[in-house]
Structure formats: structure tokens, C-alpha cells
Amino acid sequence: MRDIETSNDGQLDEPLGRVSIISYGSGHMLNDITSSCWFTYLLVFLTDVGLSPGDAAIVMLSGQLADGFTTIFVGELMDRFGHFKLWHAGGSILVAISFSSVFGSCVPCKLMGTNSSTLETVGYSTFATIFNVGWAVTQVAHMSMVNCMSSNPTSRVSLVSCRNAFTMVANLSLYGIALLIFTILQSVNVMFQYRWIAYVSISIGSCFVVIFLVGTKEPGSIRHCVDKSLSRISWTYWFKKVLYYQVALVYTLTRLVTNVSQAFLAFYVINDLEMSQSSKALVPAIIYICSLIVSVILQETRWSSWRLKLYFSAGAVLWILSGLGIVFLPSRMHNLMYAISIIIGAANALMTVTSISMEGVLVGEDLNGCAFVYGSLSFVDKVSCGVVLYILESYQGSTEIRSNLGTAFGYSITRLGLGLVPAVCSLLSSIVAYTMDLPDPDTRRRPLVEPLLV
């Protein structure tokens, strides 16, 4: 038995191959492509079909709360029972079934034969809740597998980097689909356009889910992540670690940066900069192309604690500069937004890859509690994003507040929200990251033998 355990430990120490890393990274494509559509177009879609900004904010908040609370409990269940791929498959089914209804017609309105705003809000909120429950299950299962698939620190970062690269591919695919549909079907009803975006996105994402399920081994087949021979790590163990709170704050602020900017970008380029309708797809596409390039470059990095903090801080500085540019960019110079998008893309990749990698450093070898860590941090992330987006969108729907801000600052809620909120979050997160006492990964481990992507 000891020889078997030693052999298994040796397998975990070995760098993962390219196929294993790529098949793992593809497992979050369905979540990523639907999430991109959710944050970029949901608020725009709901207001286009007649909901007030306040009601649209309620739909967004209901989904984020469901996501957050599901995440924390699912993380605990996965720590108890394992079977990450089974959880992943079940969550993906929920996502695929419910997402078309989120961007489809109001089902309860059709059943009741009425189009009251209250019933519309309840209908969209119900499917948003179901969608986010499935999304949370899939996300926690996928993220928790990183530390269970390999104990090699370079391989772990490569798994995260590959996951982030596929996230960028998913987002880019979404905007390509949206640009194509908005161009070809520009004379068609907006609800029909978004419905086709949802159908195509689900089809593409589901194909990658199959690739993940077929190509990725259940971690328990190599080494049981939820080791029955060891006592499970109590929640209080993590709550006593200062690093847990620091990583949680950095991760949450990073998610606020990416989600708030993504949610208000379409409003900003159309309403504030008065750009063409195609910019709703072109500007985000540029952001994600740059993020993809930077993510691939990061996979070749030999990581240490100071490099994680340095790269994260560099991304934060880039976002602060971008935020200032967004606030002060006049509409007559709107073409400069394409240049700002390049900087935003690099900043998003730097901050996202390093912040998620910090979670891996926090967990370390404590595999019996990894799902709780990822689940609890995602809970804080989802709830905080939902609340912030609710507040900003509610203010956007208030004529009095818009008028007062316009008089006081000369800027819209959208411009201030997109420019200042991510910039402030970037500043705060970089300060917290600087104060971290991150343990250095074992530098004696070998890096990946082959490059991740050719």
C-alpha cells in the first residue's frame, strides 16, 4: 500500500501533459460563453424588451444571489463526496436548459396570458436563478479539480492559465456570434436576435463539455481528493488564516473589476461614446483577444510569490489608467476606445490568472478543503457583484440621480461606474496583494515539458 501511495504521489508531482491540460481547460467553455452573454447583454436585453432598469437589476441580482448561495453549499458537498465530473455534468445540463429561457420570451407571461411588468420580472428572475444554480455547480466542480489533478505548482498554474485562455476563446466566440447575428438579422426583432445568440452559444459550449468529460480523468482515479483516510478540514481552519481573507478580498475585487466593466461596456460605447451598434461586439472582442494573448504568454512563466504579486499589481495599474481614460474620453474621440480596450484586455488577464493562482497557493496541499475555499470565495464574489450591479443599474434608472450627477460632475452613471468602480477596486486589490505573505511554490519541481498551446 505504501508503494502504491508513493507511486500515486510521484504521478501527482510529474508535470501534466498538454492533452490533459487542454481537455481540462475546455470544461468551462459552456459556463464562460453563457456568462459572457449574461454580463454583457442581459441588462441591455431586458431594458430593450421593456423592463425598467430597476426591474432588470432585480433579475440580475436574483441570479447572482442564487449563484452565490449555491456555490457555498455545493463546495461543502463536494468536499464531503467528491465526484467532481458528476457535479460538472449535472450543472452543465441545468445551464444548457435554462439559458435559452433567460434570453427567450417570458414563459410565465405566455402561460398567464398577460405581460405585466411584475410577472415579467418574476419570470426572468426564475430562469436566471435556475441558470445560476447550474452555473455555480459547474464552476466549483471545475475549479476544485485543479489542486486534485496535480501537486506540481507549474502544472497548476498552467491549468489555471489554460482555463483562462478558454474563457477568452469563449468570450471572443460570443462576440463573434453576436456581431454576425446583429449584422445579418439587424432588421429582426431584438428578442429573436438574442434567442439565436443563446442557441448557438449553448450548442458550442455543450460540445466542449463533452470534450472535457471524455478527455479528463476524474481526480479520484489518480488520487482521491476527498481522502477518506484523513479527517476533513473544518471551516474554522480557513477562517483562522489571515491569508484566506487576503486572497478572498483580492479575488472578489478582481471579479468586480471584470464583471462591472463587462456589464456596462455595451451601455457605454452606445450611449456615452455614441459608437455604432457593431461596437457592442467589436470593443469586447478586442479586450478578449488581448486577454487571450497575455494568458498564453503567462503559461510560460516560472511562478514565485513575488512574481504573482508583481504581475497582479501590473494588471491593477493598467486598469487604473484605463479607468481614467474611460471617465475623461470625449465622444468625438471615441475611436480611442479601441486602444483602451487593448490595455483593459492585458489588465484583465494579468489580474485574473494571478488572483486565481493565489487561491491555489492558499489551498496548497490541503486538498480535503479545497472545494470549500473555492466555494466560499466564489460566494463572496457573486453576492458582491450582484449587489454592486444592482446599485449601479438602479441609479441608472433614476432620472433624478442621473440629473444630479450630470449637474455635479458632467458624467453619466454608466461612465462613472465603468471607469471609477474597476479603477478603485484595482487600487484596493493591489494594496492587499502587496501585504500578502504568500509561501513560495516548491522551485525544485520541474516545469511543463511541452508548451501548452502551439
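The values are calculated or read from the model by the stated rules, or taken from the named source; none is laboratory data. Keep in mind the model is a prediction, meaning the values are calculated, not measured. Virtual Cβ from ideal backbone geometry, glycine too; neighbours counted across all protein chains shown. What goes into the accessible areas is simple: the full protein's heavy atoms, side chains included, and nothing from ligands, DNA or RNA. Shrake-Rupley method; radii C 1.70, N 1.55, O 1.52, S 1.80 Å.
Quick notes on this structure:
- Full extension of the chain between Leu324 and Met112 yields a length gain of 71.5 nm, computed as 0.36 nm times the residue separation minus the alpha carbon distance.
- Between Phe69 and Thr183, the distance separating the two model label sites (each 7 Å from Cα on the Cα→Cβ line) works out to 4.4 nm.
- Accessible area (Å², 1.4 Å probe, nearest 10) - Arg18: 80 Å²
- Remark: spin-label model distance Ser304-Tyr434 equals 2.0 nm, labels positioned 7 Å along the Cα→Cβ axis.
- If you sort Val169, Val257 by accessible surface, 1.4 Å probe, largest first, the order is Val169, Val257.
- In the context of the full protein assembly, Cys207 retains an accessible surface of approximately 80 Å², using a probe radius of 1.4 Å and ignoring ligands and nucleic acids.
- Distance (nanometres) between label positions extended 7 Å along Cα→Cβ at Asn335 and Met191: 4.0 nm
- Element breakdown for segment 18-230 at a 1.4 angstrom probe: carbon and sulfur atoms account for 70% of the accessible area.
- Computed on segment 18-230, with alpha-carbon pairs under 8 angstrom and 6+ residues apart, the relative contact order is 41 percent.
- In terms of accessible area, using a 1.4 Å probe and ignoring ligands and nucleic acids, Glu274, Glu120 rank largest first as Glu274, Glu120.
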